[in-house]
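Working notes, structure below.
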Amino acid sequence: MRRFELYIWALIFALILGAQSIQQPHATVPAGNGFAATLPLYADQETPAGTINGANLTFTLATPPNPSRSLLLVRNGLLLNEGSDYTLSGNTITFATAADPQSGDSLLAWYRHL
């Protein structure tokens, strides 16, 4: 195998084996044969910043999801719907009043970013 192919396989294995980590390292395939590629970063099981108290509707992610549709937001094990449960602007999540997280709730986010 060429060096490039080995590097790609190493990246694939690192992403699979590192799925429990909070963020994957940024990976740029070395330039060679006239091309270079940047792979996306992943945030896995990130807890959005903000007080979960039944009154706070605004939470913040460490970085903006890119693409924004890559965000999977889960409360107490249930997938939330963008638009009806929350809106996303940059790295800010704003919950609908009827869907505000209550004390004791768990929030987790998975998404791609640059």
> How long is the gain from Thr94 to Thr47 if the chain were fully straight, where each residue apart is worth 0.36 nm and the alpha carbon distance is subtracted?
Replying inline: 15.5 nm
> Packing-wise, with mean Cβ within 10 Å as the measure, how do 104-110, 70-76 rank, highest first?
Replying inline: 70-76, 104-110
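We did not get these values from a lab; they are worked out from the coordinates using the rules stated. Keep in mind that this is a model prediction, so the values were computed, not measured. FYI the Cβ positions are ideal-geometry reconstructions off the backbone, even for glycines, and counts take in every protein chain you see.
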